[in-house]
Structures are given as C-alpha cells and as structure tokens.
1. Here is a list of conditions, (1) crowded, with 17+ Cβ neighbours inside 10 Å; (2) at pLDDT 85 or above; (3) small (Gly, Ala, Ser); (4) within 28 Å of Gly162 (Cα to Cα), and Ala62 meets all of them except one; can you say which number that is?
2. What number of residues within the stretch 88-134 satisfy the criterion of being of a type in the set (Phe, Trp, Tyr) and under 26 Å from Ala241 (Cα atoms)?
3. Among the residues of the stretch 11-29, write down those that are surrounded by 14 or more Cβ atoms within 10 Å (Cβ to Cβ) and within 26 Å of the chain's Cα centre (by Cα).
4. Out of all the residues in the stretch 189-222, which are free of Cβ contacts under 8 Å to residues at least 40 places away in the same chain and among the polar types (S, T, N, Q)?
5. Would you confirm whether or not the stretch 104-117 contains a residue that is of a type in the set (Gly, Ala, Ser), open to solvent by 30 Å² or more (accessible area, probe 1.4 Å) and under 17 Å from Tyr222 (Cβ atoms)?
6. Taking the stretch 247-263 as the search range and keeping residues that are in a helix (DSSP H, G or I) and under 23 Å from Leu92 (Cα atoms), which one is modelled with the lowest pLDDT?
7. Residue by residue through the stretch 1-36, note down the ones that are farther than 21 Å from Arg208 by Cα and among the hydroxyl-bearing types (Ser, Thr, Tyr).
8. Could you list all residues from the stretch 89-99 that are open to solvent by less than 10 Å² (accessible area, probe 1.4 Å) and touching a helix residue (DSSP H, G or I) at 6+ places or on another chain (Cβ under 6 Å)?
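The values are calculated or read from the model by the stated rules, or taken from the named source; none is laboratory data. Computed from a predicted model, the values in this text were never measured in an experiment. Note: ideal-geometry Cβ built from the backbone for every residue, glycine included; neighbour counts use all protein chains shown. With ligands, DNA and RNA removed, areas are computed over all heavy atoms of the protein, side chains included. Shrake-Rupley method; radii C 1.70, N 1.55, O 1.52, S 1.80 Å.
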Amino acid sequence: MRVVPALGHLAVRMITNGVVDRTVQNWIADEHSRSTVKNTIAVLVRVMEQAVRDGIIKVNPARMTGSQKLYKQAEDELLDPRALALPDLETLVVLADALVAASHDQYRGWGDVVVFAACTAARIGEVSGCRVGDIDTTQWIRTVRRQTTPAPGGLTDKGTKGKRARKVPIVEEIRPLVAQRVLSAGPNPDARLFTGPRGGRISTAVLRDATHWDDVVTKPGYEHLRRHDLRHTGLTWFADAVVQVHVLRRIAGHGSLTTTQRYHPALPTPRRTQDHGRRGGGLRTPQRAPRTSLAAEPDRRDPLTPVKGAGPHLVPKNDQGPVSDTSETGPDLRLSRVGTTGFEPATP
C-alpha cells in the first residue's frame, strides 16, 4: 500500500539511501503513525535484502538509521506549522520568479504552480490533478477531487487523501492567473490546468529537478522549505482570514481538528457541552467569539496583497483522459472581504 506506490516505478538499482530517506519523510509528512512507518520500512528492508542476496545490489539502502529522529523533527515542525509559512505574497512571488529563472527555458508554468499551490493550500499532487472542470470561475471555488501520485509505470491519478472532495476558495489575487490557465487549457473540462513544458504531469520530483529547488530556496534562507511545505503557507493565510475553525478544517481537508488548530490556536473550537441547568437540557454549541475590531489592530496588514506580474502565461494544451469522480461535494465556502482582516463565510 505504501512501498509500491512510492518506489514501485523505480528499478532496484535506482533505490538509493537518499531515495529511501525522502520516501520515509514523505510518509511522515502524510501523517502516518510511528508504527505504520516502522512496519512499512520493515517490509522495504526485506524486499531490498532479497535483492542483496540475488546479487542485484551490494548494500541494502533501506537499512537506515535515524528514522525516529526524522519522525521527531517532523513532529516538532507540525507543532508550529506557521513557522514553515512564507511571510507574505510578495515573498512567494519573488520565490516563484527565482524558480522560473533557474529552470530550463525559464518556463513560466513552474512559477504558476508554486503560487497556486501556496495560495490554495494544495499539495503538489493536487495541483497536478486539477482539471478545468474543477474550477468554478463564477463563484471562484476550486473543488479538489483527485491527486497525481507516483505509481508503478509512472504517475497516476487517484482520489484525494481524505477520500472525499473538498471546496477551496480562490482568492482575488490569483484569479487572473487561474483565468488565464483555464483559457489556455481549452474547452475540454478534463484538460489539466497545470502541466510541464511538454504537457506532462507534474510531481514533487519533477518540480524539484526542473527548478533546481534545493539550490534556489537555500539562497534566501528557506532551506527548510520543501515542496509540500507550500501548503503550510496557504493554510496559515487562510487561518488569518476565516473566523471558525471548522471552516478552515473543510478547506484543508484535515481528519483531525487538532491539526487544524495548530495553524491558528486563537480560532474558536466548535465543541458541545452538556447543559444540566435547564429542564430537558440537551447539547448546545457555544457562541462564536466576537471578531476583533479594526481599530484594535491598526498595524495588522492583509497578507494577501496583489500578485505582481500575474498576467497571461500561455501553456500547452493537454487532453488527458477523464477521471471518475465519486466524491461528495462540500459546503459553500464563498468568501467575501472584510476590511483588512481577510475573508469570512458569506451570509446565505
């Protein structure tokens, strides 16, 4: 269930210590438990040990040490995910431009992928799996239905991590970028919104190699930034924009409410309490905490400032086959601007 999708497409001789290390980090980032990761590594060790006995390789790369240290590091990061977020949209655009400049032929699509992933709190696989039909340009809502992940034989499309669709608002600052992408992809609703320079699917490894990611993010001091950490940026900005924690949870698709609260501990938690003081008392939900007035926070700035140079960027058309969608649609998450505090759910 984990080894084959992650490494099954690679020849045995291509599975190195670095590949195993990155794979384990991805499993940890996917929030698998310690026992799950440990048991998965054990399976991988046995498979690679057989390759050693067969004379295919000389050393078993899966016999790694320090997996517990990696897990602790990941847990420390997840305790304060806001520390992994970029400070503002200008910084994100500068980083995207630097990645484009470092890529072959300066393909603008790489920058669009980075901006879109950060501003919609999407995983790279969810960006690659985004189709034209998933974008509602009337309500400016994106429905996350699928993700593109490595599999034996290449990349494949499958359902979302939570096995259900979710709706994510598209903020005003990236709407020109999204509109141009939709226009460039053509009328086919199954066309991919983001592709590589040759029209291929995008993955974490493709983005890393094409943009020289590790070298580019190190120069401005973001050496801790990995491809999936762009999601922390988007969730942090959304946390500063929404009012209720359950709204942020639906946008993020988190299975645990505790994970959502780490992005904004000040968000009210929708918990139910037993009322014993009234006759026939039942469960009632506490009232939402009042919003802080603008006068109380005169120095607070909107983290979503206009994108510079987010104009038209043509990309190759792509006519990949359709993917079945059996997921349920989520609630209406349309957002409206409220002063400089960000967004909140629109009143029905």
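1. Among (1) crowded, with 17+ Cβ neighbours inside 10 Å; (2) at pLDDT 85 or above; (3) small (Gly, Ala, Ser); (4) within 28 Å of Gly162 (Cα to Cα), Ala62 violates only (4).
2. Of the stretch 88-134, the ones of a type in the set (Phe, Trp, Tyr) are 107, 110, 116.
Next, from what is left, pick out any that are under 26 Å from Ala241 (Cα atoms): 116.
Here the count works out to 1.
3. Ile15, Val19, Val20, Asp21, Arg22, Thr23, Val24, Gln25, Asn26, Trp27, Ile28, Ala29
4. Thr218
5. no
6. So, considering only residues that are in a helix (DSSP H, G or I) and under 23 Å from Leu92 (Cα atoms), the one modelled with the lowest pLDDT is Thr260.
7. Result: Ser33, Ser35, Thr36.
8. If the condition is that a residue be open to solvent by less than 10 Å² (accessible area, probe 1.4 Å) and touching a helix residue (DSSP H, G or I) at 6+ places or on another chain (Cβ under 6 Å), then Leu92, Ala96, Leu99 are the ones that fit.
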